[in-house]
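Here the structure is laid out as structure tokens; the discussion comes afterwards.
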């Protein structure tokens, strides 16, 4: 028997009348509670294998939608026990460990370590060595900032500055190779001097690099500094006040961007930095944009120091003329038995240090880099402790990122300029 659609609808829905209209039925009054649309935060792991973490850093991020609630850095994925390894090596054998801590500015760490040991041993290096080390450290300050600038631009969405910055970095790689035979793991310093004197034509290469770099910095400045996208992504992001920056122990550009004019080269000068004419750039707002501006200006100031150091580089010996510290020349070793024996004893037995402790800090590319060494009268350190700037600067990331968007966290992390080799030491 055929059934009309109206009858079928009434059969399936008793509330409908014969004509298909709904028939109101009496409903008991019921005060039902309004449903609550609750939400939960979500945990996201950024890293340890992630290009935006700049190394094997793991950030455990708690998100409420796209807003960062908390950030917890997890370390240890690159732990290499540098400090412990140093206790089993002679003072000079520790040098190759130092350039692997910050492989983005290895000469700075080479110099900082031997400067601490020389202070412990009461060694005064030659004038030529002092100026040569200043050249090495300022060149690698630029070297480190260029890598930061290139990767920073990628993190904020620009690619061209990366190419410009890394083109200039390649020139420093070649200068590293000419000086030490290696591009990254330089191991250039020795207690009382350097591994060798500066090769012929090397200072000319450094001067050419310093002459040509400002034009590249101006190009990158024109691409980023007033770019609306760059400004919008960095101004007011990750801001920290001067008082908070000091309380967190920030140093370097991260501290100066908050308005604190603290630079070890000015406040506790070493290697005659008080006689060099340069300025310490300082920010106002302590945000990502100010950290960018400070590092850009720091490169220009390092260029000024490079020119002054190259102008005043004196002639004379590079190493301390003390047979208890300095190895004899290769010519003497191959032609004189006493020199060969002396060379053998210095290499196998090492240089004894007094049973004292010593602290020495310099202005590294990422902040204040401190070295604490303890001797017991023997040829090896009893304790070698590093105060790494990146490790301390990273502690502020939960404060800087809280309340910002997930995309801002990437920019904030980039603005701190960390390197994992010195964090997981």
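The values are calculated or read from the model by the stated rules, or taken from the named source; none is laboratory data. What you see is a predicted model; the values in this text were computed from it and never measured. FYI the Cβ positions are ideal-geometry reconstructions off the backbone, even for glycines, and counts take in every protein chain you see.
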If you go through the stretch 402-425 one residue at a time, how many are under 18 Å from the mean Cα position of the chain (by Cα) and part of a helix (DSSP H, G or I)?
12
Would you confirm, using the coordinates I've provided, whether residue 373 is in a strand (DSSP E or B) and under 30 Å from residue 191 (Cβ atoms)?
yes
Do the conditions hold for residue 189, that is, is it in contact with a helix residue (DSSP H, G or I) (Cβ under 9 Å, 6 or more places away or on another chain), within 30 Å of residue 237 (Cα to Cα) and in contact (Cβ under 8 Å) with a residue 40 or more places away in the chain?
no
Can you tell me which residue within the stretch 176-190, out of those that are in a loop (DSSP other than H, G, I, E, B) and within 20 Å of the chain's Cα centre (by Cα), is surrounded by the most Cβ atoms within 10 Å (Cβ to Cβ)?
186
Note on residue 133: of the conditions (1) assigned to a helix (DSSP H, G or I); (2) touching a residue at least 40 places away in the same chain (Cβ under 8 Å); (3) surrounded by fewer than 19 Cβ atoms within 10 Å (Cβ to Cβ), unmet is (3)
Residue 381 vs. criteria in contact with a helix residue (DSSP H, G or I) (Cβ under 7 Å, 6 or more places away or on another chain) and closer than 23 Å to residue 108 by Cβ
yes
For the stretch 191-238, give me the residue count where each residue is closer than 24 Å to residue 158 by Cα, under 25 Å from the mean Cα position of the chain (by Cα) and either at pLDDT below 90 or assigned to a helix (DSSP H, G or I) (or both).
19
Unmet requirement for residue 118, which otherwise passes all of (1) in contact (Cβ under 8 Å) with a residue 40 or more places away in the chain; (2) under 28 Å from residue 53 (Cα atoms):
(2)
Is there a residue in the stretch 373-382 that is under 30 Å from residue 302 (Cβ atoms) and under 33 Å from the mean Cα position of the chain (by Cα)?
yes
Tell me which strands (runs of 3 or more DSSP E) are completely within the stretch 42-113 and hold 3 or more residues being touching a residue at least 60 places away in the same chain (Cβ under 8 Å), or say none if there are none.
58-64, 67-74
Of all residues in the stretch 212-224, which are surrounded by fewer than 14 Cβ atoms within 10 Å (Cβ to Cβ) and either touching a residue at least 60 places away in the same chain (Cβ under 8 Å) or closer than 22 Å to residue 285 by Cα (or both)?
214, 222
Considering only residues of the stretch 352-368 that are surrounded by 24 or more Cβ atoms within 10 Å (Cβ to Cβ) and not in a strand (DSSP E or B), which is nearest to the chain's Cα centre (by Cα)?
366
Within the stretch 15-26, is there a residue that is surrounded by 11 or more Cβ atoms within 10 Å (Cβ to Cβ), outside any loop (DSSP other than H, G, I, E, B) and either at pLDDT 85 or above or over 23 Å from the mean Cα position of the chain (by Cα) (or both)?
yes
Counting only helices (runs of 4 or more DSSP H) entirely within the stretch 247-318, those with at least 1 residues that are surrounded by 19 or more Cβ atoms within 10 Å (Cβ to Cβ) and out of contact with any helix residue (DSSP H, G or I) (no Cβ under 8 Å at 6 or more places or on another chain) are 264-267, 288-312
With respect to residue 328, determine if the residue is at pLDDT 90 or above and either over 18 Å from the mean Cα position of the chain (by Cα) or assigned to a helix (DSSP H, G or I) (or both).
no
